[in-house]
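Heads up, the thing below is written out as C-alpha cells.
A short reminder: the numbers here are calculations on the coordinates, not readings from a lab. None of these values were measured; they are calculated from a predicted model. Backbone-built Cβ (ideal geometry, glycine too); neighbour counts: all protein chains shown.
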Amino acid sequence: MENFKTDFEKTLKNNNLSDKEIAFKNLNAKEFSSHGFPNRKDEDWKFSDINQIIKKEIGELNFYSEQLKKSEIDKNILLNEIEHNKLFFINGQLVQIDFNSEDKDKIEFLTNQNNIDEKLADNSLINLNNALSNKSYKLLVKKNYQIKKPLIIYHTTNSVLTSQNINLKINFELEENSTLKLIDLVKDEGNKNFINIFYNFSLEKNSILKNYKIDQFENENIRYMFNNIKQSSNSVSETFYLSKGSTFSKNEIFCDLKGEHSSAFVNGIFSLDKSKHHEIKTKINHFVENTKSYQLVKSVLENKSRSVYQGKIYVDSKAQKTDGYQLSKAILVDDTTEFNAKPELEIYADDVKCSHGSASGSLDENSIFYLMSRGLSYKEARELLINGFLVEVINQITDEPIKKLIKNLYGLKNEY
Amino acid sequence: MREKELEKLKDYKYGFSTDIENFKAPKGLNEDVIKFISNIKKEPKWLLDWRLKAYNRVKVLKEPNWQKPKYPKIDYQDLYYYSAPKSFKEKPKSLDELDPKLIETYNKLGIPLNEQKRLNGIAVDAVFDSVSVATTFKDTLTEKGIIFCSISEAIQKHPDLVKKYLGSVIPITDHYFATLNSAVFTDGSFVYIPPGVKCPMELSTYFRINASDTGQFERTLIIADKGSYVSYLEGCTAPMRDENQLHAANVELIALDDAEIKYSTVQNWYPGDKDGKGGIYNFVTKRGLCKGKNSKISWTQVETGSAITWKYPSCILQGDNSVGEFYSIAITNNHQKADTGTKMIHLGKNTKSKIISKGISAGFSDMTYRGLVDISPKSMNSSNYTQCDSLLMGNKCGAHTIPYIKNKNANSNIAHEATTSKISDEQLHYCQQRGLNSEEAVSLIVNGFCKEVLQQLPMEFAVEAQKLVGISLEGSVG
C-alpha cells in the first residue's frame, strides 16, 4: 500500500484536475487504502482471492502510469473480417478514435469528461479505478439512432508493460430508441499487469445494448471488468463473455431493471486450462413489474483451471410478474479442475417465475462411446461433444455477423 | 386477565408455562458458573477441563453475523445457564418419585411419561430446561444392549464412550454458538447402538424450555456402531414469553461401518406473537459424521416454530460409499425468520447425497435456504442432487436461495435445481370449486408441495407434522 500512496500523489500532481475531482479522488483513494484489494473474507470474493492472486502472480504493483510516447497500432490485431468503428487503447491510453461509418451528429465520443460519480461505490476496485483513472470518456448515442457498424474497443498492452495497474472508465449513454453494438477485444503483449475496466451504461426507453467481451488470446494478465447497467422501460441489454485467455479474470455485471418490460440477457463461456482462474459474477435487480432476465454460463475446464459463477437475481416486492432464470453447467475434463457456483435468488414478490439450475460433472462416457463406435477417434469425439456443449451459448448471440465472428475467433466451424 | 391468556393460547397451544420452583445457577457466563454446572452434575475432571478450554475459546471468538435474519445483541451475562426443577437436586430414581407437576406438563404436551399409557411404543427422553427428567422404556432397550439415557447419566456410567466421541464431530474449536454449548451444555440425550443391532423402537427426545431468562444448551450424542440402525425423533416447545430466549444445542451423530441413523425433528418452539414480539432464537449446530464404509445419515426436519431459525444439519461423508440425505420443510409466518439448509461434505469415494428443501413464507416473514455441496478431489464417483423449492404467499415476505456448489472432482456429478413460485389461482379455483374453503384449499396444496419431505417422517410424526403445516399457515390467505 506504500506504493499506492506515493503513486496516487504523483497522479494528482501530474494531471490537471479540478478541486471537485481532487476531492472525489481523495475520497476514493481513502476507501481503497482502508480496504485494500478484496480477499476471501469478502463474500463477493469468496472463491477468487484477488489479493492473494496479485501477490502471487505480480508481487508489487506500480499504480502510476507514465504518459507514453505515441505508439504505433499493430495492424495485425485489427479484426478485418468485419467492418467496424474503433477505439484503440494501448496500455490504457486512447490512441485512435474512428467512427467514420456513422452519422457525425448522431454519435458523440467525448474525452476529458469530469470523472465524478454521484455515489461512492461500495467496491474497493471501483474506488481504485476512480482514484487513478484520469479523465473519463463518454459515448453518446443519440435519439432514434441505430449504430450502423459495431464498435470494437481494442484493449492492448505493449511488451514493455509489466507489474502495472491500468484503470479505464467509460460512460455510455443510449438515448431513446437507440442501438449500440459493442465488442471489447483483449490483446496483450505485456504480461503480469492488473487491468481494471469500469463501464457505466445508461439505457433510455426502447434502447438496445449488445456487449460482447472477448478474452480469447493467451496472456498472463489479471483482469477485472465491471459493467454497471441501468435500464429504462422496454430496453434490452445483451452481454456475452468469452472468458479464455487471461491468467485471472473476473467479469462483474450489475444490472438495474428500472423500467417495465425491460430485459437483461447474460451469456458466458469459460474455456480454461493451464491453472487459469476465471469468474463471472452477476447481480440482476428486478425493481418493477414485467421484467425479464436470463443467464446462461457454461464451463469447460482442463489442467488445474478453475471457474466460478456467482449469479444473483433480486426481485423487489413491487416487481410482480418477474421472469428470472439462471443456468450454469460445467464439464470437468480432468481431476485437477474445480468448478464453484453460487446461484442465488433473493425474492420479495409472490407472483414471479424464478428458477435456477446448476450441473457439473465429467464428459459423458456413453456419448463418447457412441461417437467412437461410429468411427470418430477419441479426440474427435471429445472435441465434438465439448464444442456442441459450448456452441449453445454462442448461438444465443442475436447479431448474426458477430456470432459468425466469435465462432471464427473461437475456432468453431460454421456448421455448429 | 385469565381470558386474555386463554385467547393467546389459542394460537400456540403449547404456550403455557408450568409454575414450578426452580433451582438456578447464578446469572452470567464465567468460569464459576461452568464449575458450578460441572460440580452439580458430578462430572469427572477431564470434562471440566474440556468445558473450560471451550470457554477460553468463546472469550476470543466473535459471534458470526453473516446470516440474513439480524437480531438484537444477546447479553450473554444476563442469562441463566442452568435451571432445574427444585425437586431435582437429588435426581428421582423412578417415575413414581417425579414431581406430579412435571408429569402433568408432559401430559399436556401430549407426551405421557408413563409407559403403560403409551400405545405407540416410542422411548422418550424428556428434557425440561436444563435437565433430563425421565427416560422411558429403559428395560426393553437394555435387553438389546442399547444405551438410551441422558448425557449426564452417560458421563457417569459410560465415560469411555462419551470421552471417545464427544466433540469428535463438533470440536470445541468450532464456531461461536457450538463452542458456547461445549462450555455450558447442561443435558441432552445419549444413544449408543451396539454392533449389528436394529433398534426395535423409535427413540425420541422432547425438549421443553420453561423458566424465563434461561438459555437451553443441550447436547445430543448418537453413536451407531457397525451394522446398526436407529431412528431418532426430536420435538420442541416453549412457553409464550415476551422476551427472546436462546436455544443453542449441539447434536453429534456418528455412523460407523454399515450403520444408519435417521434423525427427524419437528421443531415448534414458540414463534413470537403476531407482531414479532418474543419467541425462541433457535441457533442449533447439528452435524453427522458418516465415519464408516456404507454408512448412512438422514436428516428430516419440519421447522415451523422459533422467531429465528438458524441451522444447517450437515453430513460429513468420510467413509467410502456413504450416503447423506437432507429433507426439510421450513415454514415462516408473521415476523418469523429462517436461515436454514444443509452442508454435504464429500470426502470418501462413491459417496452420495440428496437434498430436498421446501420453504414456505407468508405474512411478513423471511426465509433463506443456504446450502453447501463440496466434493473434494479424492471423492471419486460421488454425486449430489439438490432441489429447493420456495413458495411465497403475499408480497410482504421474502424467499431466498443461496447454494454454494464446489466441485473439485471430474468423476463426480452435481445437479442443482431451484424454483420460486406462488400457489396458482387455477389450483385454488379447482379446489374451491369442489367445495373446499380457501384455507382448506391452501392447506391441501401446501401439503402436496411438502409431500416429498413429509413421507420421510415416521408415521406418528408425519400426521402431527401435517397438522402443524396447516396450523402454521392459518390466517395467511385472503
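Here are some notes:
- Taking amide H positions as modeled 1.01 Å from N, with prolines and chain starts lacking one, the residues under 5 Å from B:Leu372 and 5 or more places away or on another chain are B:Thr342, B:Lys343, B:Met344, B:Tyr404.
- Note on the stretch A:1-46: Kirkwood hydrodynamic radius from all Cα pairs is 11.9 Å, rounded to one decimal.
- FRET efficiency, 1/(1 + (r/R0)^6) with R0 60 Å, evaluated for B:Thr173 and A:Asn303 via beta carbons: 0.95
- Reciprocal mean inverse distance between Cα atoms of the stretch A:173-332 - Kirkwood radius, Å: 16.0 Å
- Prolate/oblate/rounded call for the stretch A:120-207, Cα gyration tensor, a/c under 1.5 rounded: oblate
- Cα pair distances of the stretch A:286-351 binned at 5 Å [whole percent]: 4, 17, 23, 15, 12, 10, 8, 7, 4, 0
- For the stretch B:258-335, the equivalent ellipsoid derived from the alpha-carbon gyration tensor has semi-axes of 32, 10, 8 Å in decreasing order.
- Average silhouette area of the stretch A:163-255, convex hull of alpha-carbon atoms, in square nanometres: 5.3 nm²
- Largest first and in whole Å, the equivalent-ellipsoid semi-axes of chain A read 32, 26, 23, each the square root of five times a Cα gyration tensor eigenvalue.
- DSSP beta bridges fully contained in the protein assembly as shown are about 10 percent antiparallel.
- Anisotropy class of the stretch A:40-131 from Cα gyration tensor, a/c 1.5 cut: prolate
- Using a Gaussian network model of chain A in which every pair of alpha carbons under 10 angstrom is joined by a spring, one finds that among A:Leu139, A:Leu209, A:Leu376 the greatest mean-square fluctuation is at A:Leu376.
- Put simply, the convex hull of the Cα atoms in the protein assembly as shown casts, on average, a shadow of 42.1 nm².
- The alpha-carbon positions of the stretch B:382-478 define a convex hull whose volume is 133 Å³ per residue.
- Distance between modelled label sites at A:Lys10 and B:Thr142, nm, 7 Å Cα→Cβ extension: 8.3 nm
- Pairwise Cα separations in the stretch A:142-186 fall into 5 Å bins from 0 onward with the following percentages, short to long: 6, 15, 19, 21, 13, 11, 7, 6, 3.
- Principal axes of the stretch A:314-416: Cα extent on each, largest first, Å: 56, 36, 24
- Taken along its three principal axes, the alpha carbon spread of the stretch B:258-392 comes to 50, 24, 17 Å, from the longest extent down to the shortest.
- Mean ellipticity per residue at 222 nm, deg cm²/dmol - from DSSP H runs of n ≥ 4 across chain A, formula -39500 (n - 2.57): -6500 deg cm²/dmol
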